[in-house]
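The values are calculated or read from the model by the stated rules, or taken from the named source; none is laboratory data. For clarity, every value in this text was computed on a predicted model and none was experimentally measured. Cβ placement follows ideal geometry from the backbone for every residue including glycine, while neighbour counts extend to all protein chains displayed. Quick note on the areas: whole protein, heavy atoms, side chains included, nothing else; ligands and nucleic acids left out. Shrake-Rupley method; radii C 1.70, N 1.55, O 1.52, S 1.80 Å.
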Amino acid sequence: MELASKRQNEKQTVYIKTFGCQMNEADSERMYALLGEAGLEPTHTAEQANVIIINGCTVRAKAIHKAVSALGELQFLKKYNHNNKTPIIGMGGCVGQFEKQMLFKQAPWLDFVFGPDAIDQLPEMIFRVQNGEKHVINTDFDVLENYSTETKLSAPTSKAFVNIMKGCDKYCTYCIVPYTRGKEKSRTIDEILSDVARLVSLGIKEVTFLGQNVNSFGKGNKNLKNREPKKLHNIIGRVGPDEDEENFPQLLKAIDQDERLKNLRRVRFTSSHPLDFSDELINCYASPEQGGVSKLAQHLHLPVQSGSNRILEKMGRHHKIEAYISQMDRLRALMPKVGLSTDIIVGFPTETQTDFEQTLQLLDRIQYDNIFAFAYSPRIGTRAAKLNDDISLQEKNRRLQLVLKHQLKISEKRNTMFIDKTMEILVDNIAKNQILKKDDKNSTVWMGRTSCNHVVNFLSHTSSGLEGQFLKVKITGSTPLSLIGGRV
Ligand code: SAH
Ligand code: SF4
Ligand code: F3S
């Protein structure tokens, strides 16, 4: 569908403001690609755009607040149309999905609202607004049993996010995601392999498999090709899809074996739940000689949320901390270089100083490379929202600062261990944070990522063309958040 321009020969443009997780980032990329096919070019500022979309997140009150204040700021553009354009404004993502019609009441200038399952209808929704329809809304979950899609990229680089499953069936007591993203559905392994093969033919060298809980991938899809492993096990108990269904280790192994994917160098995935972190998935981290998956990046993000068994139970996480620790020990034994990260929530209802200290002890015990920590934020409609939110905002913030500081020391120490090592990085781009002093005015600071997901900044006399290259760098210094290297 070609979206009409009011004035002939004038290019229509779109600006998307993204909040939230990598799923939202990938969704925004898909929106740019779909709208690009419909003739809308991306712009860098809302002021220049004919269509403005906010892709919002509802995971914490702060996230919603950001999306809603971004919407508030746009009212100005609607009232005092800049450059003679009155933009069309839409709200999507988990905010669109959750708040639905309410958003039109709060912001009558908003033109359309949609949820993550309605992204492919975006060109049509914009067309309807352009043709005079008011307050267009589509927040239906797709009703199909299966999940089938093709990854769309607006401007292929060297890396791509690939959705492999959607939704979440875990219902952790604090979390809104199962209500905004619906129930778990997975794509088939064959479809994903063909999709990735097409991306590789476009020059993609690294893919990140996305889903709220990618390690429960495969539920509901029959294992028609008889792929291995069939039965999954883990220390916590029953795990993942049934024996006759597809599963995540099968997908990773198939990636390694597919001839079409020879030029694919790295596979990452996020996010996972310890309940579905199977022994068979841990085995994928072994060396290829021991049956491991050679393209699997040396990194794992496995959210734990708390170090206290009492709090884990209240969060509905269904495992003990000892089980998580033993999963991490097994993984480290198989791949000592693995980079580890996690998510932590502080100030969950009834969290005592002792519970909180158990979280700090867990950080000491695991020695993560990086953590993402959040203050608990009650979400209406979740089970935890019925509990008394008894930790004051001040105390939550105190614990948040403490946990971040605690990890910063661990990260700082861990990063120094890389000094003098030679590492391979995939170059992302010119560094945004110019933390390195340039040795002369002709040098440029670049950044890339190691397989274990460390950011490396390095100087080069080349100011273009390094994006997407695998380079060897020698680490010469470190900060708590990144490494500094020089080209070898
Ligand atoms: N499905 C993913 C990500 C969920 S949202 C996973 O399970 O890993 C990302 C993170 O936000 C969660 O891991 C959790 O740490 C945090 N989070 C979710 N709900 C929250 C809430 N109500 N308050 C504070 N943090 C929350
Ligand atoms: Fe939320 Fe838990 Fe599902 Fe993650 S696993 S999206 S934290 S309900
Ligand atoms: Fe936020 Fe929705 Fe992602 S609530 S974290 S954008 S799944």
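General remarks:
- Of all residues in region 343-398 being part of a loop (DSSP other than H, G, I, E, B) and among the basic types (K, R), the one that is most open to solvent (accessible area, probe 1.4 Å): R383
- Residue check for I176: at pLDDT 95 or above, within 15 Å of ligand 3 (Cβ to nearest atom), among the hydrophobic types (A, V, I, L, M, F, W, C) and farther than 13 Å from T151 by Cβ: yes
- Residue tally, condition more than 16 Å from ligand 2 (Cβ to nearest atom), assigned to a helix (DSSP H, G or I) and either in the same structural domain as C168 (by TED's automatic domain parsing) or not hydroxyl-bearing (S, T, Y) (or both), over region 26-60: 11
- L302 vs. criteria touching a Cys at 6+ places or on another chain (Cβ under 8 Å) and either closer than 30 Å to D389 by Cα or touching a residue at least 40 places away in the same chain (Cβ under 8 Å) (or both): no
- Note on region 409-423: among residues that are touching a residue at least 12 places away in the same chain (Cβ under 8 Å) and part of a loop (DSSP other than H, G, I, E, B), the one that is least open to solvent (accessible area, probe 1.4 Å) is F418.
- Sub-7 Å Cβ pairs linking a first residue in region 215-241 that is over 27 Å from L144 (Cβ atoms) to a second residue that is open to solvent by 60 Å² or more (accessible area, probe 1.4 Å), at least 6 apart or interchain, are K231/E243, ordered by first then second residue.
- Scanning region 85-98 for any residue that is open to solvent by less than 40 Å² (accessible area, probe 1.4 Å), more than 16 Å from T180 (Cα to Cα) and assigned to a helix (DSSP H, G or I) turns up nothing.
- Meets criteria (acidic (D, E) and within 16 Å of ligand 1 (Cβ to nearest atom)) for D169: yes
- Within region 108-121, considering residues that are closer than 13 Å to I54 by Cα and among the aliphatic types (A, V, I, L, M), the one surrounded by the most Cβ atoms within 10 Å (Cβ to Cβ): V113
- Candidate set: region 399-408, residues that are surrounded by fewer than 19 Cβ atoms within 10 Å (Cβ to Cβ) and in contact (Cβ under 8 Å) with a residue 24 or more places away in the chain; chosen: the one nearest to E99 (Cα to Cα): L400
- No other residue among A46, A26 is within 11 Å of ligand 3 (Cβ to nearest atom), in contact with a Phe, Trp or Tyr (Cβ under 8 Å, 6 or more places away or on another chain) and aliphatic (A, V, I, L, M) apart from A26.
- N234 over 30 Å from V427 (Cα atoms), modelled with pLDDT under 95 and crowded, with 20+ Cβ neighbours inside 10 Å: yes
- Selection of region 51-73 for residues being away from ligand 1 (no atom under 15 Å from the Cβ) and surrounded by fewer than 23 Cβ atoms within 10 Å (Cβ to Cβ) yields V68, S69, A70, L71, G72, E73.
- Top-ranked residue of region 14-24 - restricted to ones that are within 16 Å of ligand 2 (Cβ to nearest atom) and in contact with a Ser or Thr (Cβ under 7 Å, 6 or more places away or on another chain), ranked as farthest from F372 (Cα to Cα): N24
- Residue match in region 435-455 (condition: modelled with pLDDT under 90 and among the small types (G, A, S)): yes
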